[in-house]
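Enquirer: Let me give you the structure first, and then I'll get to my questions.
The values are calculated or read from the model by the stated rules, or taken from the named source; none is laboratory data. Here the structure is a predicted model, which is why all the values come from computation and not from measurement. Backbone-built Cβ (ideal geometry, glycine too); neighbour counts: all protein chains shown. Surface areas here come from the heavy atoms of the whole protein model, side chains and all, with no ligands, DNA or RNA. Shrake-Rupley method; radii C 1.70, N 1.55, O 1.52, S 1.80 Å.
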Amino acid sequence: MLYLVGLGLGDAADITVKGLRAVQRCCRVYLEAYTSVLTVGKEALEEFYGKELILADRDLVEQGADEILKGADVDDVAFLVVGDPFGATTHSDLVLRAVHAGIPYQVIHNASIMNAVGCCGLQLYNYGETVSVVFWTETWKPESFYDKICKNRAAGLHTLCLLDIKVKEQSVENMMRGKKIYEPPRFMTVSQAADQLVQIIQRRRDEEEEEEGAELGVTEDTVCVGVARLGSDDQLIRAGTLRQLASCDLGGPLHSLVVTGRLHPLEVELLRLNAEPDALENLHEIDSSTFTS
């Protein structure tokens with residue numbers, strides 16, 4: 001049997017009882033280590049689970065899936081995923097490969113950012129398409145995520161923005177030279193994501209000035225919510241305008257950003273309740289016209 005086990009969002013103890021029992025009876029246990037991370041390392045998980053873990057990087061999962069599935073038709077093999085197993089399309093591919101190989105599988109679900117983000121006070125059924133915000137480079141600055149956010153807002157829907165993670169990445173120079181030298185891990189912050197959005201807004205505004213009456217779907221005064229380390233004991237929620245979040249510090253990873261759509265008064269009150277004290281002040285500073293019942 002191949003077990004795909006969700007680990008939740010916090011630390012080693014967030015695994016479900018069903019998931020832990022599955023892990024403990026497996027002969028091999030892989031830990032997916034590139035789409036997300038927990039607040040504790042591999043060693044803490046090994047101690048809690050009582051099993052040695054094999055780190056599965058992007059290359060192994062996407063190009064060496066046969067190695068993971070090897071022998072899973074006669075022995076139990078576990079594939080551990082931070083959050084929920086189906087939070088990334090890569091894991092759907094692993095299931096399809098198992099099916100085609102005649103290997104039975106079982107999915108053991110857990111909390112993920114996709115549902116836990118409801119703790120910020122915005123109703124989950126009011127969310128539109130989830131978007132990914134990637135790190136810009138000097139020569140590559142995509143803006144498609146901004147257009148998707150605007151599309152959601154036009155429908156009155158909130159947008160969950162998943163922020164870029166760079167783990168075991170190579171520089172272009174090392175990649176071209178075939179050197180297996182990897183860059184230090186990088187995790188996008190709420191302030192970095194908000195700053196990139198502000199830059200897009202400023203550029204789009206300059207372009208739209210030529211079109212009389214044109215309005216931007218998202219501006220610096222749009223109400224947003226930043227969340228950090230969701231599910232951990234030190235999780236942090238900060239609500240304010242996009243401009244305010246561009247200069248905030250929510251501490252260590254992982255971060256996510258929510259751009260609000262049409263806000264119900266109850267959602268406004270919940271944003272205020274869940275925000276940190278200084279963010280609560282920020283919410284009071286926001287012009288009431290930005291909230292729509």
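Enquirer: Hey, does segment 39-48 have a residue that's open to solvent by less than 30 Å² (accessible area, probe 1.4 Å), at pLDDT 95 or above and either more than 20 Å from SER112 (Cβ to Cβ) or not small (Gly, Ala, Ser) (or both)?
Expert: no
Enquirer: Just checking, which of GLY118, GLY83 is within 25 Å of ASP14 (Cα to Cα) and either open to solvent by less than 10 Å² (accessible area, probe 1.4 Å) or in contact with a Pro (Cβ under 9 Å, 6 or more places away or on another chain) (or both)?
Expert: Result of the check over GLY118, GLY83: GLY83.
Enquirer: So, one more: Starting from residues that are of a type in the set (Gly, Ala, Ser), part of a loop (DSSP other than H, G, I, E, B) and surrounded by 13 or more Cβ atoms within 10 Å (Cβ to Cβ), keep the ones in segment 86-115 and report whichever is modelled with the lowest pLDDT.
Expert: ALA88
Enquirer: With among the small types (Gly, Ala, Ser), in contact (Cβ under 8 Å) with a residue 24 or more places away in the chain and more than 26 Å from THR130 (Cβ to Cβ) as the only criterion, which of GLY6, GLY50 stands out?
Expert: Only one candidate passes the filter, namely GLY50.
Enquirer: Something else: Could you check GLU138 against (1) over 22 Å from the mean Cα position of the chain (by Cα); (2) buried (at least 16 other Cβ atoms within 10 Å of the Cβ); (3) free of Cβ contacts under 8 Å to residues at least 60 places away in the same chain and say which number it fails?
Expert: Among (1) over 22 Å from the mean Cα position of the chain (by Cα); (2) buried (at least 16 other Cβ atoms within 10 Å of the Cβ); (3) free of Cβ contacts under 8 Å to residues at least 60 places away in the same chain, the lone unmet condition for GLU138 is (2).
Enquirer: Suppose we keep only residues that are open to solvent by 50 Å² or more (accessible area, probe 1.4 Å) and not acidic (Asp, Glu) within segment 141-156. Which one would you say is nearest to GLY261 (Cα to Cα)?
Expert: ARG153
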